[in-house]
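Just so it is clear, none of the values below were taken in a lab; they were calculated from the coordinates. Bear in mind the structure is a predicted one, so any value in this text is a computation, not a measurement. Here the Cβ is made from the backbone with ideal geometry for all residues, glycine too, and neighbour counts use every protein chain on show.
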């Protein structure tokens, strides 16, 4: 995930159900039972984690399973935090930042940011785009000291509606972004992008 300073937590979107779910890393509890090695509390909103628990498994199994794809944008910080704080090693990673480079006619020197990729590459209606931008701007004021905000708002529980909306506003478009880049990549380039995503994840 990417942004001014993204809150600690994993947010995902279920591309079929149109739901989002926040996995609250601040409230992870280590359990003695191997089958409950990590328990994640969730704050739900109307907008489910893309790699949601479909099989009655705990979230750490989802995150560590090669068979359940997880889509991130620049996975490095999230991967490092999950491993060093909770001993969860992400697997089955697709890093959209890496995939975007693979779709270019000429790779170039610079990586594109998430906001640019969403604005440029995600098919959305004018209403969706305007609402996305407005939510992004409202969210920034929550953390901006100049506007009376503070990063401490992310530690308040339960999470406020405004914080949840800010967390979800970029991630809700990741399925569409993944579809766009996946279709643009040849099978060979798609395999290479996934391999690069795993390499990027390992560089913690």
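Tabulated data for the structure shown
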quantity: Pairwise centroid distance, computed over Cα atoms, of the range 168-200 with the range 103-117, Å; calculated: 13 Å
quantity: Gyration tensor (alpha-carbon) shape descriptor, the range 104-151, a/c threshold 1.5; calculated: oblate
quantity: Likely footprinting exposure, 66, 121, fewest C-beta neighbours within 10 Å first; calculated: 66, 121
quantity: Residue exposure sequence - 188, 199 - by fewest surrounding Cβ within 10 Å; calculated: 188, 199
quantity: Residues 161, 70, 129 arranged by fewest to most Cβ contacts within 10 Å; calculated: 161, 129, 70
